[in-house]
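One structure is given below, encoded as structure tokens.
What follows is calculated from the coordinates using simple rules that are stated; it is not laboratory data. Everything numeric in this text was worked out from a predicted model, so none of it was measured. Virtual Cβ from ideal backbone geometry, glycine too; neighbours counted across all protein chains shown.
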Ligand SMILES: Cc1cc2nc3c(=O)[nH]c(=O)nc-3n(C[C@H](O)[C@H](O)[C@H](O)COP(=O)(O)O)c2cc1C
């Protein structure tokens, strides 16, 4: 009875979110699938604290309606002034995933995951609205509006990640999608004023290749009260390096210092893996970033 009430609650929420417009059959069938799972769903804090990136997936496909649920969760995120400046391209075609995996630094998990989501900063809709309204749309060319799109795409994607994890799926973000942005845009047939800001692999985690929760810095490193305090960070970093070393060992990964890896990622232009040319690529894609 309680489950039934919760389900009705979800249906009312969907009705409100899409003002009754979202009634496609896949989505409705997916809703039935969710009904069976509801008892096992963890609470939100458990889902958030239990996060770990998953890079090893089984071959099983996602159940029907999963994509639509993830997008409903994504669209439920807050977004700047409700301008809805993001879109997402769902890629399931094996050959396209293969090509994208190469463009994103040859990451095998993109091929392995049944679903790859390319999250877009999408100012093309607003540009078309401006043209229709015969408005100059000058704000579209500024860094600020680009940032709005990046922030909103990230918030939306993270909602999708939380929803996927609550449903027992695994995900990993793919920043490598920014290595070769114009080729990615071509592969996804993106219009002017759209940019694939990162990707996301989604699938069933392979139980034979499990992953663990990765420890983070202590809160004292990241949480400041009232004002930022730039004191010494030596001790905290040394002890986090030790924590991470033990973590890598537990995961049978080679010993490395977290602080050194972090420094290496930003040490040289080459370590940006092609993303040092992002500004030029963005200009070509329709983002002058004034
Ligand atoms: C925007 C973004 C881009 C990322 N890009 C990649 C990537 O290209 N490949 C990859 O294997 N992991 C990628 N990750 C995953 C991070 O490495 C991972 O989140 C981080 O090491 C923390 O581990 P955890 O997610 O398991 O807690 C990315 C994460 C974010 C948020």
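Run residue 215 past the list (1) more than 12 Å from the ligand (Cβ to nearest atom); (2) over 19 Å from the mean Cα position of the chain (by Cα) and report the number of the one that doesn't hold.
With respect to (1) more than 12 Å from the ligand (Cβ to nearest atom); (2) over 19 Å from the mean Cα position of the chain (by Cα), residue 215 is out only on (1).
Hey, can you tell me all the residues within the stretch 253-272 that are touching a helix residue (DSSP H, G or I) at 6+ places or on another chain (Cβ under 7 Å) and farther than 27 Å from residue 209 by Cβ?
259, 269, 271
Can you name the residue in the stretch 165-188 that is more than 16 Å from residue 282 (Cβ to Cβ) and within 13 Å of the ligand (Cβ to nearest atom) and, of all such residues, is surrounded by the most Cβ atoms within 10 Å (Cβ to Cβ)?
Going through the qualifying residues, I end up with 171.
What tally of residues in the stretch 189-212 results from selecting those that are away from the ligand (no atom under 16 Å from the Cβ), surrounded by fewer than 18 Cβ atoms within 10 Å (Cβ to Cβ) and farther than 17 Å from residue 96 by Cα?
4
Tell me, please, whether a residue that is in a loop (DSSP other than H, G, I, E, B) and within 12 Å of the ligand (Cβ to nearest atom) can be found in the stretch 138-149.
no
Residues in the stretch 131-138: is at least one touching a helix residue (DSSP H, G or I) at 6+ places or on another chain (Cβ under 9 Å) and surrounded by 22 or more Cβ atoms within 10 Å (Cβ to Cβ)?
Looking for residues that are touching a helix residue (DSSP H, G or I) at 6+ places or on another chain (Cβ under 9 Å) and surrounded by 22 or more Cβ atoms within 10 Å (Cβ to Cβ), one finds none in the stretch 131-138, hence no.
Give me a count of the residues in the stretch 141-164 that are in contact (Cβ under 8 Å) with a residue 12 or more places away in the chain, surrounded by fewer than 20 Cβ atoms within 10 Å (Cβ to Cβ) and more than 30 Å from residue 108 (Cα to Cα).
So the count comes out to 3.
Determine which member of the set 151, 222 is within 14 Å of the chain's Cα centre (by Cα) and over 18 Å from residue 90 (Cα atoms).
When all the criteria are applied, what remains is 151.
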